Amino acid sequence: MAVIINGRDLTVEEVIRVCRGMEKVEIAEDAKKNIQKARDYIEKKLEEGAVIYGLTTGFGKFANVTISEDETADLQRNLIISHTWKSLLLAAGSTLTDTDLKADYMENRSTSIKASALQARHSR
């Protein structure tokens, strides 16, 4: 059985099962459409030269620092790495609380990631 990601009702229990390798992940078709819609919007804004927090700028106190196009991939890679520590800790048997996981999930519910990248990450 697989956990279906639809952008609305992912539970902490489902996250834990996926992190522990007990479940595979599938992305619902409507979620794929929403992901693509968000990605298309981001691509359009980038083509227009828009300043986008975290994509063309740094984060937090570095929000006013412009990131070059050449550095964008590194920035995004580092962001993903910095946000995956909780999954790694869970896989290693850490005792993160449900509250920790819920807070992180609520903070990170939207994305501009390519649907293909998201599906590839969870199809392993």
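Observations
- Backbone amide hydrogens, once placed in the peptide plane, bring ILE27 within less than 5 Å of ILE5, excluding anything fewer than 5 places away on its chain.
- FRET E, pair ALA50, ALA28, Förster distance 41 Å, beta-carbon r, rounded to 0.05: 0.90
- Computed from the Cβ-Cβ distance with R0 of 30 Å, the FRET efficiency linking LYS37 to PHE59 stands at 0.80.
- Sequence-ordered 3J(HN,Hα) estimates for the stretch 8-17 from the Karplus curve with 6.51, -1.76 and 1.60 and θ = phi - 60° stand at 10, 9, 5, 9, 4, 4, 5, 4, 4, 4 Hz, glycine and proline given as x.
- Of the GluC sites (Glu not before Pro) found in the stretch 1-55, those in coil by DSSP whose Cβ has at most 12 other Cβ atoms within 10 Å are GLU48.
Taken together, the values in this text are just the output of simple stated rules run on the coordinates, not laboratory data. Just so we're clear, the structure is a prediction, and the values are computed from it rather than from any experiment. Ideal geometry is used to build each Cβ from the backbone, glycine not excepted, and the neighbour counts take in all protein chains shown.
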